[in-house]
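Asks: Mind looking over this structure? Questions follow.
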Amino acid sequence: MKYFSLLLLYVFVACKPEYTAQQIIDLSLEKSGVNKIKNATLSFTFRGKLYEGKRNSGNYVFTKIAKSDTLTVKDVLSNNGFKRYENNEPVVLSDKDENRFSNSVNSVHYFSVLPLGLNDKAVNKKLLEPVSIKGKGYYKIQVTFNKEGGGDDFDDVFLYWFNKETFHLEYLAYKYHTNEGGVRFRDIKKEHLVEGIRLLDYNNYKPLKKEIDFKTIDKLYEEDKLKKVSEIVLENIRIEL
């Protein structure tokens, strides 16, 4: 009987995950320094446009500024909603355009500070089986969103791969449903270390075939069955803590 009890204990310990999804994300936030962004101002240039994110204890103001010779367009997304200005004058928008412009601003700011957004209230995290990519071990976490608080794209599904040794985020993928839907996979193009905070540039890929098993997209990446479609590059990064 004692032997049987010890055997059950061994099986329980052996089957218990090394870390939970929540613990992995918390460790990643700590080790990457991205936690500091929660009370800081981050600015950068992306594809010729200036972005600035001010965060303070749950309050936020995200801006995007695009300039031409005669026109300056400023989009502002905050806890109070979305506003657009052209040459400092407020613009009246349809609901459709407001949602579109708001989502565009939010998306760039969201991806720029990953994995920070993974602890939002609307996020559901699930630890999947660990995997190996290019000889390195990774924790693999699936993220979905509640309809309430999850935004217009709450039904999108994300996968994140965290290095088992460093807990750094090194790969991500997402399945989206807007504009006829699709799948994207990202690996790291470059790491930036600013004020002790790790921010990332990415190479952006899509599958060669439309119908795939999204959860095993990392295998397609290893087999060179993804096509590079763009790069996500942050320039002129500045952080005020």
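The values are calculated or read from the model by the stated rules, or taken from the named source; none is laboratory data. Not measured: the values here are computed from a predicted model. In this analysis, Cβ positions are derived from the backbone assuming ideal geometry, glycine residues included, and neighbour counts consider all displayed protein chains.
Asks: Of the residues in region 206-226, how many are of a type in the set (Lys, Arg) and surrounded by 11 or more Cβ atoms within 10 Å (Cβ to Cβ)?
Replies: 4
Asks: Next up: I need a count of the residues in region 167-183 that are more than 16 Å from Ser28 (Cβ to Cβ), surrounded by 15 or more Cβ atoms within 10 Å (Cβ to Cβ) and either among the β-branched types (Val, Ile, Thr) or out of contact with any Phe, Trp or Tyr (no Cβ under 6 Å at 6 or more places or on another chain) (or both).
Replies: 2
Asks: Now for a separate question. Any idea which residue in region 50-89 is surrounded by the most Cβ atoms within 10 Å (Cβ to Cβ), counting only those that are farther than 14 Å from Asn106 by Cα and in contact with a helix residue (DSSP H, G or I) (Cβ under 9 Å, 6 or more places away or on another chain)?
Replies: Asn56
Asks: Of all the strands (runs of 3 or more DSSP E) wholly in region 145-233, which have at least 2 residues that are farther than 22 Å from Thr45 by Cα and over 15 Å from the mean Cα position of the chain (by Cα)?
Replies: 197-207, 226-232
Asks: Please enumerate the residues belonging to region 112-131 that are of a type outside the set (Val, Ile, Thr) and part of a loop (DSSP other than H, G, I, E, B).
Replies: Leu114, Pro115, Asp120, Lys121, Ala122, Leu128, Glu129, Pro130
Asks: Could I ask something else about it? From the residues in region 93-112 that are touching a Lys or Arg at 6+ places or on another chain (Cβ under 9 Å) and not small (Gly, Ala, Ser), which one is nearest to Ile141 (Cα to Cα)?
Replies: Applying the filter and picking the extreme gives Phe111.
Asks: So which residues in region 10-32 are in a helix (DSSP H, G or I), within 17 Å of Glu129 (Cβ to Cβ) and at pLDDT below 95, if there are any at all?
Replies: If the condition is that a residue be in a helix (DSSP H, G or I), within 17 Å of Glu129 (Cβ to Cβ) and at pLDDT below 95, then Ala14, Cys15 are the ones that fit.
Asks: Are any residues in region 95-141 acidic (Asp, Glu) and surrounded by 14 or more Cβ atoms within 10 Å (Cβ to Cβ), and if so, which ones?
Replies: Matches in region 95-141: Glu98, Asp120.
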